[in-house]
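**Student:** Once you've had a glance at the structure underneath, I'll fire off some questions.
The values are calculated or read from the model by the stated rules, or taken from the named source; none is laboratory data. Since the structure is predicted, the reported quantities are computational estimates derived from the model, not experimental observations. Here Cβ is always computed from backbone atoms with ideal geometry, including for glycine, and neighbour counts include all displayed protein chains. The area values use the complete protein model at the heavy-atom level, side chains included, leaving out ligands, DNA and RNA. Shrake-Rupley method; radii C 1.70, N 1.55, O 1.52, S 1.80 Å.
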Amino acid sequence: MAALHATASGCHVSLVTKDVLEHANTRYAQGGIAGVLFDDDSAAAHVRDTLVAGAGLSDPDAVAVLVDEGPDRIRELIALGVAFDRTADGEYVRGLEAAHSYPRILHAGGDATGTAIELALVARLRASAVRVIEHAFLVDLLIDDGRVVGVDLLVGDSARQQITADAVILATGGAGQLYAHTTNPPVATGDGIAAALRAGAAVVDLEFVQFHPTVLPAEDDRDPFLVSEAVRGEGAVLRDDQGRRFMLDVHPDSELAPRDVVARAIADAMAAQGGRPVLLDATGLRPTRKHTASFLARRFPTIDGAVRARDRDWSREPIPVTPAAHYLMGGVTTDLHGRTSLPGLYAVGEVARTGVHGANRLASNSLLEGAVFGARAGDVVAGDVATGEWPDEGAFARAGVPASLPHPSAAAAIRTSPQPLGTDESAPFTRAALQTLLWSDAGLVRDERGLSHAASVIATWRRAVRTPITEAQFEDENLLEVAAALVAAARARTESVGAHARRDAPQGTQALHSVREPMETR
């Protein structure tokens, strides 16, 4: 979206991707895209739902932009060819997902919304004047006199190439590969965040990692597979291995509580039953098993295929699910047009911290955020280059968010580290070792003992001298860089809030962010 809008504004755009253009997190988005498109919904309700899910740490101005401009961006996607699902009489199918007070979610292909959006955008890009460079890995940003002036690339895993530019827009996605269990594809290695950190851009809120509650565990040669929240929106329930609906005792909204609440409840239930997965029960969604099987195949064709590929019939019996790392709420902090604290650098999508998500993302707001703020960045970049102007630091401290959090030093972390827990500091650095460390010490629930241990191990690994040559080696170094910043941010935030849950702190104390009342929304 950013590339298309920048091109329409008169820019000559080069789009660089480390894989093929079609391989990104967008294609894996099953749930849908949220927007106020129906007469009996309201912008105020969508704003309220987003702020509540964000646990008071969302930026109300950013949320208002998201909600106000969201419907136009959805209509733009429709004009680009995205065929959202419709009923027999031609009305859009309305989906309900967790923490939404109204069924405002649009889906395409049942549970293939991200794929439908990606295909439409890629088709338009291929037909546009945008220059696409595939298999080109971002090594670093080029800086001249404090301004970003291009990118340093590793092309084809062998040749280095520098491209100069008047501006750079990061759209590199998240960092799910930090964790041993994730819904993210292999390309999600935090490359843009790491490059921004090295360049000195403000990066905040990395402690807020959303863990999706319901993921089919890895099985034989099959990778973990996300089971959309929309399944629970249609009425599926969670049960422990005794058949008890444990969410009824956890939250008034039971299975449709915010994701962080559901994920932690599942983790607690699993711990109480020896680590075995809980069960997602969709067997009662229709009056008969035959009708249920037909509904599941029609409404969730991708998930249905994945379940049946595991030789399971989820119309007949519940399926096992566990939490997994899913989405990073923090990132490179931006103003309301995607500008970062570093002149010439913009960030959009999951790599950015726009302020929309706060401490916990509302379901189906991520595709909307990418569309809204991607378009905004693309719309202003030509004008910014023409004027040479850039916001001062105050634009990046909205809602009381400091430009940088008070991270403890690596040396201090080492001095205060207790005896090693799950990962030996003398063990060599590998991606798998880092993933295991973060899953154990900086995962769904954290505490100072685990975080200080993680900081100590990461500091030891970072002191070793390594010279990356291949793309995979550069990715490993990026993951290590982002891991260090994530753990430092998690240690600095001593309260439990949203997706950042600490065993050693009560919910919502000593907040680093101030909370503002939501602005009036049109």
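**Student:** With no solvent and one point on each alpha carbon, what is the Debye value of log10 I(q)/I(0) for the range 235-352 at q = 0.14, 0.18 Å⁻¹?
**Tutor:** Here log10 of I(q) over I(0) equals -0.73, -0.95.
**Student:** Tell me, what is the per residue accessible area of the range 242-326 in Å², probe radius 1.4 Å?
**Tutor:** 46
**Student:** What shape does the range 77-120 take by its C-alpha gyration tensor, where a ≥ b ≥ c are the square roots of the eigenvalues and a/c under 1.5 counts as rounded, a/b above b/c as prolate, and the rest as oblate?
**Tutor:** Here the range 77-120 falls in the oblate category.
**Student:** What's the carbon and sulfur percent of the range 1-111's accessible surface, probe 1.4 angstrom, rounded to a whole number?
**Tutor:** Taking all protein chains in place, the range 1-111 shows 52 percent carbon and sulfur surface.
**Student:** Could you do me a favour and compute the accessible area per residue for the range 104-183, 1.4 Å probe, result in Å²?
**Tutor:** 41
**Student:** Sticking with the crude label model, points 7 Å out along Cα→Cβ, report the distance from VAL52 to SER14 in nm, one decimal please.
**Tutor:** Going by the 7 Å Cα→Cβ label model, 4.8 nm.
**Student:** Which of the following values of volume of the Cα convex hull per residue in Å³ was calculated from the structure shown: [x] 126; [y] 248; [z] 151?
**Tutor:** Working out volume of the Cα convex hull per residue in Å³ from the coordinates points to [z].
**Student:** Contour minus end-to-end for ASP447 and ARG222, with contour as 0.36 nm per residue of separation and end-to-end as the Cα-Cα distance?
**Tutor:** Gain in length upon complete extension: 77.8 nm.
**Student:** If you count only protein heavy atoms with a 1.4 Å probe, what accessible area per residue comes out for the range 1-54, rounded to a whole Å²?
**Tutor:** Value for the range 1-54: 41 Å² per residue.
**Student:** Compute the length gained on full extension between ALA432 and THR387: take 0.36 nm times their separation in residues and subtract their Cα-Cα distance, giving the result in nm to one decimal.
**Tutor:** Net length gain for the segment: 11.5 nm.
**Student:** Something else now. What percentage of all Cα-Cα pairs in the range 1-69 are separated by more than 21 Å?
**Tutor:** Counting every Cα pair in the range 1-69, those more than 21 Å apart make up 52 percent.
**Student:** When the Karplus curve 6.51 cos²θ - 1.76 cosθ + 1.60 is applied with θ = phi - 60°, which whole-Hz ³J(HN,Hα) does each residue of the range 171-178 get, with x for Gly and Pro?
**Tutor:** 9, 8, x, x, 9, x, 6, 5
**Student:** May I pose another question? What's the carbon and sulfur percent of the range 420-499's accessible surface, probe 1.4 angstrom, rounded to a whole number?
**Tutor:** Ligands and nucleic acids excluded, carbon and sulfur give 57 percent.
**Student:** Given Cβ point charges of +1 (Lys, Arg) and -1 (Asp, Glu) and nothing else, what value in debye, to the nearest 20, does the dipole of the chain about its Cα centre take?
**Tutor:** It works out to roughly 820 debye.
**Student:** What's the carbon and sulfur percent of the range 285-364's accessible surface, probe 1.4 angstrom, rounded to a whole number?
**Tutor:** 52
**Student:** Using the Cα gyration tensor of the range 16-151, with a ≥ b ≥ c the square roots of its eigenvalues, what is the shape: rounded (a/c below 1.5), prolate (a/b larger than b/c) or oblate (neither)?
**Tutor:** The shape class here is oblate.
**Student:** So if I place +1 on the C-beta of Lys and Arg and -1 on the C-beta of Asp and Glu, and nothing else carries charge, what would the dipole magnitude of the range 150-239 be about its Cα centre? I want it in debye, nearest 20.
**Tutor:** Charge dipole, the range 150-239, about its Cα centre: 120 debye, nearest 20.
**Student:** Hey, another quick one. Given the C-alpha centroids of the range 163-212 and the range 257-334, what is the distance between them in whole angstrom?
**Tutor:** Rounded to whole Å, the Cα centres lie 27 Å apart.
**Student:** Taking only complete DSSP H runs, can you tell me which helices of the chain stretch 27 Å or more along their own long axis by Cα positions and average at least 0.5 on the Kyte-Doolittle scale?
**Tutor:** 366-387
**Student:** If you take the square roots of the eigenvalues of the alpha-carbon gyration tensor of the range 113-204 and sort them as a ≥ b ≥ c, do you get rounded (a/c under 1.5), prolate (a/b over b/c) or oblate?
**Tutor:** In terms of gyration-tensor shape, oblate.
**Student:** If I model a spin label as a point 7 Å beyond the Cα along the Cα-Cβ vector, how far apart are those points for ARG245 and ARG466 in nm?
**Tutor:** 4.8
**Student:** Rounded to the nearest 500, what is the 222 nm mean residue ellipticity of the chain from helices alone, with -39500 (n - 2.57) per DSSP H run of 4+ residues and division by all residues?
**Tutor:** Rounded to the nearest 500, the figure is -10500 deg cm²/dmol.
**Student:** Under 5 Å between amide hydrogens, which residues at least 5 positions from THR182 or on another chain qualify, with H placed 1.01 Å from N in the peptide plane?
**Tutor:** Hits under the 5 Å cutoff: ALA325.
**Student:** Taking the range 128-203, which trypsin sites (Lys or Arg not before Pro) meet the DSSP loop condition and have no more than 15 other C-beta atoms within 10 Å?
**Tutor:** Listed in order of number, the matching sites amount to none.
**Student:** Scan the chain and report its longest stretch carrying no GluC sites (Glu not before Pro) that are both in a DSSP loop and have at most 10 other Cβ atoms within 10 Å.
**Tutor:** The longest uninterrupted stretch comes out as 92-388.
**Student:** Also, I was wondering about something else. Amide H to amide H under 5 Å from VAL16: which residues, 5+ apart in sequence or cross-chain, H placed 1.01 Å off N in plane?
**Tutor:** When sequence neighbours closer than 5 places are left aside, the close amide H contacts are ILE133.
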